[in-house]
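The values are calculated or read from the model by the stated rules, or taken from the named source; none is laboratory data. Quantities reported herein were computed from a predicted structural model and do not represent experimental measurements. Every residue, glycine among them, receives a Cβ derived from its backbone with ideal geometry; neighbour counts consider all protein chains shown.
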Amino acid sequence: MKFLPLLLATSTLAFSIMKYIGAAYLIYMGIKLWRSPPALMCEDTVTTRSMSRQFVEGFTMQLTNPKAVFFFMSIFPQFIHFSGDYTQQFLLLVVTYSLLVVAIHLVYAYLAKTMRSWLSSAKGGRIINRFGGGTFICFGVGLASASR
């Protein structure tokens, strides 16, 4: 299997075959999702955890997420004045970023709570399935029609 990337990089025919197989699979998955019945959410399947447990899980996930480290390393140096105190500037940027993330996630949570009854209805589930299926189909058509 180590030769497959080399084969795809050097053979136009092999690359095209793999591209069309991938496009056909995306279109198949889109049609399957489009036709599938809506998934209805029941209250019985929802598990509740304490707020402290949820906080610890979210905090741990963010500490182990390399995306934040790369974000800080690539964006923050542009906003730090090297003649001033690095610690204060860095803390100001981190606190500002953290407050923005919390505010955005609160908006997400509010919207999810507001949309919960609609999303858990048969009509909402059908619309979500059709939107997702249509997206897969569009990606499949786009992949099939894309030039190398």
Picked from the range 88-114 (must be of a type in the set (S, T, N, Q) and over 22 Å from PHE59 (Cβ atoms)), the residue nearest to the chain's Cα centre (by Cα) is THR114
Restricting the range 120-148 to residues that are surrounded by 10 or more Cβ atoms within 10 Å (Cβ to Cβ) and not in a helix (DSSP H, G or I), the one modelled with the highest pLDDT turns out to be SER121
Within the range 51-68, residues being in a helix (DSSP H, G or I), modelled with pLDDT under 80 and surrounded by 11 or more Cβ atoms within 10 Å (Cβ to Cβ) number 2
Which residues, counting only those in the range 8-50, are among the hydrophobic types (A, V, I, L, M, F, W, C), over 25 Å from GLY133 (Cβ atoms) and modelled with pLDDT under 80? LEU8, ALA9, VAL46
Only one of (1) surrounded by 11 or more Cβ atoms within 10 Å (Cβ to Cβ); (2) not assigned by TED's automatic domain parsing to the domain that holds ALA9 fails for SER36. Which number is that? (2)
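For every residue, the table says whether it meets (1) exposed (fewer than 11 other Cβ atoms within 10 Å of the Cβ); (2) in a helix (DSSP H, G or I); (3) of a type in the set (D, E, K, R).
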{"site": "ILE75", "(1), (2), (3)": "no, yes, no"}
{"site": "GLN78", "(1), (2), (3)": "yes, yes, no"}
{"site": "HIS81", "(1), (2), (3)": "yes, no, no"}
{"site": "GLY84", "(1), (2), (3)": "yes, no, no"}
{"site": "THR96", "(1), (2), (3)": "no, yes, no"}
{"site": "ALA103", "(1), (2), (3)": "yes, yes, no"}
{"site": "ALA109", "(1), (2), (3)": "yes, yes, no"}
Unique residue being under 30 Å from PRO37 (Cβ atoms), modelled with pLDDT of 90 or more and assigned by TED's automatic domain parsing to the domain that holds PHE59 when the list is ALA103, ALA109: ALA109
Does SER117 satisfy the condition of being loosely packed, with under 11 Cβ neighbours inside 10 Å, more than 19 Å from the chain's Cα centre (by Cα), at pLDDT below 95 and polar (S, T, N, Q)? yes
